[in-house]
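Quick notes on the structure that follows.
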């Protein structure tokens with residue numbers, strides 16, 4: 001199903017198109033139509049399945065359809081267990097809601113207290129918050145939660161694990177009765193304690209279970225190379241030289257630091273590459289995606305978090321420069337290629353640090369990945385070295401002190417003994 005098949009406001013559809021979404025993911029296809037009909041939902045879905053877009057699209061559609069009251073109090077509340085998740089939800093909301101007259105405000109600890117307070121006093125439509133900081137402002141009556149029309153609880157299972165359940169129950173009791181608002185709960189598992197919370201504070205929620213994908217696309221050719229960590233880059237260059245169809249290549253790594261370093265090495269070797277990381281401003285992110293889709297960029301180096309929700313047709317190759325730590329992420333990664341009926345290729349590197357993840361990945365996808373040791377001709381040793389890594393980058397060595405004696409503590413002189 002495509003987003004254009006849904007009855008969504010033009011402003012919402014425009015935001016969806018801008019961020020590059022075309023087809024609904026399984027969790028979106030199962031939950032959005034139900035949510036748009038006004039039903040309460042309890043959805044089992046893993047991170048990276050498109051669940052954030054599912055509830056944001058529903059919220060924006062609902063808020064645009066209802067007439068806004070002359071009030072500075074929030075109309076929708078999204079609760080998340082960590083500040084990182086709050087920031088990610090707000091970033092997604094900024095993209096999807098770029099053309100919607102809806103004010104979204106993040107509320108979490110660690111940033112200026114008064115600045116957040118002033119923004120809330122000016123009035124917002126949607127609050128995305130961690131429980132603790134939200135309760136602080138609510139108790140000070142900076143805003144009222146009595147006008148909330150829609151509630152989202154994201155990663156409900158982690159709320160329990162992190163000890164937020166008492167705070168969560170306090171917040172839910174400050175809201176209008178569940179019949180007067182729409183409620184959506186998302187969790188990696190719909191355990192008995194999660195469902196107990198849902199049945200207590202939600203209006204007969206519809207249970208939606210999205211099980212992890214366990215079968216990879218048939219059109220994807222999968223290959224794996226056992227290679228040392230230091231040899232991965234020359235192997236990458238050598239294999240790419242042999243791949244005539246390497247026109248649009250997604251390269252996955254596990255950390256932002258490694259993504260920045262690898263992107264730099266590719267550019268130093270005259271390859272059109274860019275890095276997609278979570279801290280990139282939305283406008284720059286959209287420009288990078290547009291350059292990648294149009295062919296102005298050949299390589300896009302990304303982490304799993306930064307690439308969530310990407311739907312780009314025509315990706316010819318996916319390179320797992322680092323094997324993923326989560327087996328399910330392997331399926332999400334290689335699924336970026338072979339879209340829209342096209343063929344695709346996935347190449348993975350198993351180095352000495354991450355090869356232990358291979359059995360779990362093969363067990364998860366239900367098949368052995370064709371693997372080999374690279375031959376000497378597979379490497380390209382004639383490559384340019386990049387500039388020295390910045391201090392703190394992965395693998396960077398501490399500077400050698402030129403005067404070691406200065407680092408030694410000075411010995412205190414012994415005081416002469418007093419004569420008796």
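If we sort 296-304, 101-109, 168-176, 186-194 on the protection proxy, mean other Cβ atoms within 10 Å, highest first, what's the order?
Values: 296-304: 21.3, 101-109: 19.0, 168-176: 15.7, 186-194: 17.4.
So the peptides 296-304, 101-109, 168-176, 186-194, ranked by packing, come out 296-304, 101-109, 186-194, 168-176.
Running a GNM on the chain with Cα contacts under 10 Å, which residue among 133, 230, 158 ends up with the highest mean-square fluctuation?
230
Rounded to the nearest Å, what's the spacing between the alpha carbon centres of the range 1-68 and the range 171-212? Just the number, please.
18
Can you tell me how the chain classifies by the Cα gyration tensor, rounded, prolate or oblate, using a/c under 1.5 as the rounded cut? Provide the component values of the computation, followed by the final result.
On the way: a/c = 1.98, a/b = 1.23, b/c = 1.62.
Because a/c hits 1.5 or more and a/b fails to exceed b/c, the chain counts as oblate.
Taking only C-alpha pairs under 8 Å that are 6+ residues apart, what is the relative contact order of the range 3-209 in percent? Intermediate values should be presented prior to the final figure.
On the way: 347 pairs, mean separation 59.5, N = 207.
Averaging sequence separation for qualifying contacts and normalising by length gives 29 percent for the range 3-209.
Helix-derived [θ] at 222 nm for the chain: sum -39500 (n - 2.57) over DSSP H runs of at least 4, divide by residue count, nearest 500? List each step's numbers first, then the result.
Details: 14 runs with 147 residues, N = 420.
The helix-only estimate for the chain comes to -10500 deg cm²/dmol at 222 nm.
For the range 220-378, what does the relative contact order come out to in percent, with C-alpha contacts under 8 Å and a separation of six or more?
Once divided by the residue count of the range 220-378, the mean separation gives 36 percent.
Rounded if a/c is under 1.5, else prolate if a/b is larger than b/c, else oblate: which is the range 220-378, with a ≥ b ≥ c the root eigenvalues of its Cα gyration tensor?
On the way: a/c = 1.41, a/b = 1.28, b/c = 1.10.
In terms of gyration-tensor shape, rounded.
Please report the relative contact order for the chain, taking Cα pairs under 8 Å with a sequence separation of at least 6, and give it as a percent rounded to a whole number. Walk me through the numbers before you get to the answer.
On the way: 711 pairs, mean separation 71.3, N = 420.
Averaging sequence separation for qualifying contacts and normalising by length gives 17 percent for the chain.
In a Gaussian network model over the chain where Cα atoms closer than 10 Å are linked, find which of 74, 131, 374 has the largest mean-square fluctuation.
Of 74, 131, 374, the Gaussian network model singles out 374 as fluctuating most.
Laboratory data are not the source of any read-out in this text; all were calculated from the coordinates shown. This one's a predicted model, so the numbers in the text were calculated from it and none came from an experiment. A quick note on method: Cβ atoms are made from the backbone with ideal geometry, for glycine too, and the neighbour counts reach across all protein chains shown.
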